[in-house]
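K.L.:
Can you read through this structure? Questions will come right after.
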Amino acid sequence: MLKQRVLTALVLIPVMLLGLFALPQTAWIGFVAVILGFSAWEWQRLAGMHGWFAKLYPFLTPAFFLLLALPGSTALASPFVMLGVMLAACVFWALIAPCWLKAKWRLADGGNINGLLGWALLLPAGLAMVVLRDGSMGGWLLLIVMAIAWVADTAAYFSGKTFGRRKLAPTISPGKSWEGAVGGVVGVAIYAALVPKTPFIGGELISLWVWVALALVLTVLSIVGDLLESLFKRQIAIKDSSQLLPGHGGVLDRIDSLLAILPVAAAFYLSYLLFHLVPGR
């Protein structure tokens, strides 16, 4: 299993970095569309979708994304429209998702109606990957934001293994502990404090304290995103969303935290740009 994880990572990491820094923006949008297509395929299986809608869902999802994300679209033409989409996603992840976890709601038995929820989860995150890469920092800003989820996950894993005693959500994800969550928060706090000292941000975007506070909020939301996907999987008694990524499970298993944090980071970024609180592009 470890060998598979390492080999898969050795392929995925260079592919992701090449996409982030080598592709022109239009090609990057196509790259994100492919990720969303695989994610949608996993979602329709996870959500119990059926019939023609389930078969078309992996194609409809990236198609809708491209309509929204390609140059000239309404969403990109009006940053206020894009901000509205991101703020709606913020409401879901900050308010609805925690309630969902607390109540342990099940996905609709009808199946296909769950496709709408899948779009609410996937499309804002995909659009955020376009917004955060389309600034003066290029791929660096998006990478820095995504790394919050990766640092949190890694720090939580090791601190949980070492100190974990009290279960965070025993009926949803028994392997997670409060000690692990605290370790994730501490790890991200250290990471966030170091990032502004790099030449890639240089303190221009936001102050250190605002950035650290934002990173900690995103850390909490990354846990929410992780737990929500775990809840969906537990309710249908599966361990992974698929086996597309050997040793890692499925695409959704890799991006569950990112689905929560990317729209929130994009909403914050767009708010600063639109209201002239930071230097424009």
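K.L.:
For the modelled label position 7 Å from the Cα of LEU10 along Cα-to-Cβ, which residues of the stretch 241-265 have backbone nitrogen atoms closer than 15 Å?
P.N.:
What the label zone holds, given the 15 Å backbone N cut-off, is 246-247.
K.L.:
Magnitude of the Cβ-charge dipole of the stretch 2-274, K/R +1 and D/E -1, about the Cα centre, nearest 20 debye?
P.N.:
On the way: 18 positive and 11 negative charges, 161 e Å.
Its charge dipole is roughly 780 debye.
K.L.:
Sorting GLU229, GLU179 on the 10 Å Cβ count, fewest up front, what's the list? Please report the intermediate quantities before stating the final value.
P.N.:
On the way: GLU229 24, GLU179 18.
Result, fewest neighbours first: GLU179, GLU229.
K.L.:
If I model a spin label as a point 7 Å beyond the Cα along the Cα-Cβ vector, how far apart are those points for LEU87 and PHE275 in nm?
P.N.:
With each label placed 7 Å out from Cα toward Cβ, I get 0.9 nm.
K.L.:
Which of LYS102/LYS167; LYS55/LYS102; LYS55/LYS104; LYS55/LYS239 have a Cα-Cα distance over 20 Å?
P.N.:
Details: LYS102/LYS167 15 Å; LYS55/LYS102 32 Å; LYS55/LYS104 28 Å; LYS55/LYS239 23 Å.
As for pairs spanning more than 20 Å Cα to Cα, those are LYS55/LYS102; LYS55/LYS104; LYS55/LYS239.
K.L.:
Going by the alpha-carbon gyration tensor, a ≥ b ≥ c the square roots of its eigenvalues, is the stretch 81-222 rounded (a/c under 1.5) or, if a/c is not under 1.5, prolate (a/b greater than b/c) versus oblate?
P.N.:
On the way: a/c = 2.44, a/b = 1.13, b/c = 2.15.
Judged from the Cα gyration tensor, the stretch 81-222 comes out oblate (a/c at least 1.5, b/c at or above a/b).
K.L.:
Given a Förster radius of 41 Å and the C-beta distance between VAL182 and SER207 as r, what FRET efficiency does 1/(1 + (r/R0)^6) yield to the nearest 0.05? Mind dumping the intermediate values first?
P.N.:
Numbers: r = 25 Å, r/R0 = 0.61.
Computed FRET efficiency for VAL182 and SER207 comes out at 0.95.
K.L.:
Of GLY180, VAL11, ALA266, which is farthest towards the positive pole of the stretch 2-274's charge dipole, taken about the Cα centre with +1 and -1 on the beta-carbons of Lys, Arg and Asp, Glu respectively?
P.N.:
GLY180
K.L.:
Going by a ≥ b ≥ c, the root eigenvalues of the Cα gyration tensor, does the stretch 125-187 fall in the rounded group (a/c under 1.5), the prolate group (a/b larger than b/c) or the oblate group? Intermediate results must be reported in sequence, preceding the final value.
P.N.:
Details: a/c = 4.89, a/b = 2.42, b/c = 2.02.
Note, shape of the stretch 125-187 comes out prolate.
K.L.:
Compute the signed sum of charges (Lys and Arg +1, Asp and Glu -1) over the other residues within less than 14 Å, Cβ to Cβ, of SER177.
P.N.:
Values: positive: LYS161, ARG165, ARG166, LYS167, LYS176; negative: ASP153, GLU179, ASP226.
Charge balance near SER177 sits at +2.
K.L.:
With each run of n ≥ 4 DSSP H residues scored as -39500 (n - 2.57), what mean residue ellipticity at 222 nm is computed for the chain after dividing by its residue count and rounding to the nearest 500 deg cm²/dmol?
P.N.:
On the way: 11 runs with 198 residues, N = 281.
So the calculated ellipticity at 222 nm is -24000 deg cm²/dmol.
K.L.:
To make sure I understand the rule: partners must be aspartates and glutamates, Cα under 12 Å from the Cα of LYS176, and not fewer than 8 residues away in the same chain. Which ones qualify?
P.N.:
Qualifying aspartates and glutamates at Cα under 12 Å: ASP153, ASP226.
K.L.:
With equal scatterers on the alpha carbons only and no solvent term, can you work out the Debye log10 of I(q)/I(0) for the chain at 0.07, 0.08, 0.10 1/Å?
P.N.:
Taking Cα atoms of the chain as identical point scatterers yields -0.24, -0.32, -0.51.
K.L.:
If you average the alpha carbon positions of the stretch 106-137 and of the stretch 1-37, how far apart do those two centres end up, in angstrom?
P.N.:
18
K.L.:
What's the extension gain from ILE236 to ALA193 if we count 0.36 nm per residue and subtract their Cα-Cα distance? Let's see the in-between values first.
P.N.:
Numbers: separation 43, 0.36 × 43 = 15.48 nm, distance 4.01 nm.
Taking ILE236 through ALA193 to full extension adds about 11.5 nm, to one decimal.
K.L.:
Evaluate the distance, in nm, between pseudo-label points positioned 7 Å from the Cα of CYS99 and of LYS161 along their respective Cα→Cβ axes.
P.N.:
Computed distance between label sites CYS99 and LYS161 equals 3.8 nm.
Every number here is computed from the coordinates shown, using simple stated rules; none is lab data. For clarity, every value in this text was computed on a predicted model and none was experimentally measured. Glycine also receives a Cβ, built like all others from the backbone with ideal geometry; neighbour counts cover every protein chain displayed.
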